[in-house]
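> My questions all concern the structure below.
The values are calculated or read from the model by the stated rules, or taken from the named source; none is laboratory data. These numbers were taken from a predicted model, which means no experiment stands behind them. Glycine also receives a Cβ, built like all others from the backbone with ideal geometry; neighbour counts cover every protein chain displayed.
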Ligand SMILES: *[C@@H]1O[C@H](CO)[C@@H](O)[C@H](O)[C@H]1NC(C)=O
Ligand SMILES: *[C@@H]1O[C@H](CO)[C@@H](O)[C@H](O)[C@H]1NC(C)=O
Ligand SMILES: *[C@@H]1O[C@H](CO)[C@@H](O)[C@H](O)[C@H]1NC(C)=O
Ligand SMILES: *[C@@H]1O[C@H](CO)[C@@H](O)[C@H](O)[C@H]1NC(C)=O
């Protein structure tokens, strides 16, 4: 009897050990491995919203009747962006881009050129190949929810001297330079324009911009360039892959963008990236709760006294690539040690490291800035689980 009891005990202990081992190997510490596989693929259950921006609008089955609610959800420097809120809904039903001076009603080009606020949505899933850069007028939202909208194989978006733009749930990839020509730039003016750069989005002399839940890959030039005194911008919940020079903020060494202020939050910087995630000249950038899993040469670079506050991010260095997150361009230590670049509560994985400089008590200097409160870096894989455009919203169901 005793022997049977003892054997039973041994057996139970053995079985529990197998269960514990199995459980350990399945979550084998995803936080410190940089592994995101399966994060979103597994998802077919009820609606999930993990970060403070998503929680503001997702999971409402009535989202399609209340699209403008989104405009209340932006945080960080872009928080004043209301896009086309209060304006009419414009339904894009035509994916062509043939007439650059008098675009057809129903095309995206016709929509963004209108002078009044518009909330622009899409009748169906479509791929739009822009013949030339798409020049925006102020007070517009592009809202891809409910359709899969791809801007691909042609020119990109040009936000030039405009205010108040929201770009939401759009795929942009394989953007190429437009050769220029006669193009309408607003409802009352058209004229000859030179070639465009081949950026996915150029933000030129513009402010109050929010880009959220977009996916970017493989363009000719940058993915998002912020130049010529643009400011008050939030880039959140986006997914970046396959690019050499993703984000360039402050393009010129000689035309200072001192007042440029940008928030980068809840994005995933993934496969095939090399550098500039972002690169910043001048200005102030808060980089908060992003997931950096790939950078070949550096993640965050800068010059010209840029201020970079990095909080609650996860930086996972790749094997065989640079371990240093930071890069200071063309400056001796005596100069860059005055630039405020601070890492606070970031999670460093696989040897990744961030070289701090400047004022550790920077916060006192920037009271009143709309800074986002960082969540613990351990939560980053969850906070960024749905980064990118493929959020699969269906009318009548929670997203
Ligand atoms: C947002 O609007 C307020 C009130 O108009 C203004 O004070 C502020 O500078 C604007 N921009 C930012 C980034 O807070
Ligand atoms: C798109 O909608 C506009 C306005 O309702 C209409 O004039 C146009 O014919 C439509 N185009 C297509 C391709 O359905
Ligand atoms: C955008 O909308 C705001 C608020 O409705 C308005 O004050 C402003 O004049 C508009 N801007 C342009 C360029 O139409
Ligand atoms: C339209 O564009 C022209 C040329 O860029 C500019 O001078 C004019 O002020 C713009 N008009 C509006 C309403 O934005």
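> When you scan region 182-195, do you find a residue that is more than 15 Å from ligand 4 (Cβ to nearest atom), modelled with pLDDT under 95 and out of contact with any helix residue (DSSP H, G or I) (no Cβ under 6 Å at 6 or more places or on another chain), even just one? Don't jump to the end; show me each part of the working.
Of region 182-195, the ones more than 15 Å from ligand 4 (Cβ to nearest atom) are 195.
This time we only want the ones that are modelled with pLDDT under 95, so: 195.
From the residues that got through so far, the ones that are out of contact with any helix residue (DSSP H, G or I) (no Cβ under 6 Å at 6 or more places or on another chain) too are 195.
Yes, that holds for at least one residue.
> Please count how many residues of region 359-373 are part of a loop (DSSP other than H, G, I, E, B) and surrounded by fewer than 21 Cβ atoms within 10 Å (Cβ to Cβ). Show your work before the answer.
Keep residues of region 359-373 that are part of a loop (DSSP other than H, G, I, E, B), which gives 359-361, 367-373.
Retained after the next criterion (residues that are surrounded by fewer than 21 Cβ atoms within 10 Å (Cβ to Cβ)): 359-361, 367-371, 373.
Result for region 359-373: 9.
> Something else: Restricting attention to region 139-151, which residues are within 20 Å of residue 203 (Cβ to Cβ) and either within 16 Å of ligand 2 (Cβ to nearest atom) or surrounded by fewer than 19 Cβ atoms within 10 Å (Cβ to Cβ) (or both)?
We begin by selecting, within region 139-151, every residue within 20 Å of residue 203 (Cβ to Cβ); these are 139-144, 149, 151.
Correct list: 149 only.
> Next question, about the same structure. Condition (residue is within 23 Å of residue 188 (Cα to Cα), at pLDDT 95 or above, within 16 Å of ligand 1 (Cβ to nearest atom) and crowded, with 19+ Cβ neighbours inside 10 Å) applied to region 73-83: is it met by at least one residue? Quick ask: steps written out before the conclusion?
To start, the set of residues in region 73-83 that are within 23 Å of residue 188 (Cα to Cα) comprises 83.
When the remaining residues are screened for being at pLDDT 95 or above, the result is 83.
Next cut, within 16 Å of ligand 1 (Cβ to nearest atom) only: 83.
Among the residues that remain, those that are also crowded, with 19+ Cβ neighbours inside 10 Å are: 83.
Yes, region 73-83 contains a residue that is within 23 Å of residue 188 (Cα to Cα), at pLDDT 95 or above, within 16 Å of ligand 1 (Cβ to nearest atom) and crowded, with 19+ Cβ neighbours inside 10 Å.
> Kindly indicate whether residue 392 is in a loop (DSSP other than H, G, I, E, B) and more than 28 Å from residue 172 (Cα to Cα). Can you show your working first?
Values: in a loop (DSSP other than H, G, I, E, B): yes; more than 28 Å from residue 172 (Cα to Cα): no.
Taking the combined requirement at face value, the residue does not satisfy it.
> Taking residue 154, is it more than 16 Å from ligand 2 (Cβ to nearest atom), without any contact (Cβ under 8 Å) to a residue 60 or more places away in the chain, crowded, with 24+ Cβ neighbours inside 10 Å and not in a strand (DSSP E or B)? Explain how you work it out, then say what you get.
Values: more than 16 Å from ligand 2 (Cβ to nearest atom): yes; without any contact (Cβ under 8 Å) to a residue 60 or more places away in the chain: yes; crowded, with 24+ Cβ neighbours inside 10 Å: no; not in a strand (DSSP E or B): yes.
No, not satisfied.
> Of 263, 231, which residue is within 23 Å of residue 83 (Cα to Cα), crowded, with 24+ Cβ neighbours inside 10 Å and in contact (Cβ under 8 Å) with a residue 12 or more places away in the chain? Before the answer, list the steps.
Values: 231 fails: crowded, with 24+ Cβ neighbours inside 10 Å.
That would be 263, the only listed residue that is within 23 Å of residue 83 (Cα to Cα), crowded, with 24+ Cβ neighbours inside 10 Å and in contact (Cβ under 8 Å) with a residue 12 or more places away in the chain.
> Let me ask something else about it. Kindly establish whether residue 136 is within 16 Å of ligand 3 (Cβ to nearest atom), within 26 Å of residue 99 (Cα to Cα) and in contact with a helix residue (DSSP H, G or I) (Cβ under 6 Å, 6 or more places away or on another chain).
On the way: within 16 Å of ligand 3 (Cβ to nearest atom): yes; within 26 Å of residue 99 (Cα to Cα): yes; in contact with a helix residue (DSSP H, G or I) (Cβ under 6 Å, 6 or more places away or on another chain): yes.
Yes; evaluated as a whole, the condition is true for this residue.
> While we're here: Quick check: anything in region 125-139 without any contact (Cβ under 8 Å) to a residue 40 or more places away in the chain and under 30 Å from residue 369 (Cα atoms)?
Taking region 125-139 as the starting set, the residues that turn out to be without any contact (Cβ under 8 Å) to a residue 40 or more places away in the chain are 125-129, 134, 136, 138.
Remaining after also requiring under 30 Å from residue 369 (Cα atoms): 136, 138.
Yes, that holds for at least one residue.
> Further question: Can you tell me which residue within region 99-116, out of those that are surrounded by fewer than 19 Cβ atoms within 10 Å (Cβ to Cβ) and away from ligand 2 (no atom under 12 Å from the Cβ), is farthest from residue 180 (Cα to Cα)?
In this case the residue turns out to be 116.
Residue by residue, here is whether (1) surrounded by 19 or more Cβ atoms within 10 Å (Cβ to Cβ); (2) assigned to a strand (DSSP E or B); (3) free of Cβ contacts under 8 Å to residues at least 60 places away in the same chain holds:
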{"position": "301", "(1), (2), (3)": "yes, yes, yes"}
{"position": "305", "(1), (2), (3)": "no, no, yes"}
{"position": "309", "(1), (2), (3)": "yes, yes, no"}
{"position": "315", "(1), (2), (3)": "yes, yes, yes"}
{"position": "320", "(1), (2), (3)": "no, no, yes"}
{"position": "327", "(1), (2), (3)": "no, yes, yes"}
{"position": "331", "(1), (2), (3)": "no, no, yes"}
{"position": "335", "(1), (2), (3)": "no, no, yes"}
{"position": "342", "(1), (2), (3)": "yes, yes, yes"}
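> Can you pull out the residues in region 69-103 that are over 24 Å from the mean Cα position of the chain (by Cα), more than 16 Å from residue 149 (Cβ to Cβ) and assigned to a loop (DSSP other than H, G, I, E, B)?
So the first thing to find is which residues in region 69-103 are over 24 Å from the mean Cα position of the chain (by Cα), and the list is 86-91, 93-103.
With the extra rule that they be more than 16 Å from residue 149 (Cβ to Cβ), the set shrinks to 86-88, 98-103.
Residues satisfying the conditions are 86, 87, 98, 99, 100, 101, 102, 103.
> Right, another one. Across region 111-131, what is the total count of residues that are within 19 Å of residue 98 (Cα to Cα), within 15 Å of ligand 4 (Cβ to nearest atom) and part of a loop (DSSP other than H, G, I, E, B)?
Counting residues in region 111-131 that are within 19 Å of residue 98 (Cα to Cα), within 15 Å of ligand 4 (Cβ to nearest atom) and part of a loop (DSSP other than H, G, I, E, B) gives 1.
> Against the definition (within 24 Å of residue 217 (Cα to Cα), in contact with a strand residue (DSSP E or B) (Cβ under 7 Å, 6 or more places away or on another chain) and modelled with pLDDT of 95 or more), how does residue 311 come out, yes or no?
Details: within 24 Å of residue 217 (Cα to Cα): no; in contact with a strand residue (DSSP E or B) (Cβ under 7 Å, 6 or more places away or on another chain): yes; modelled with pLDDT of 95 or more: yes.
No, not satisfied.
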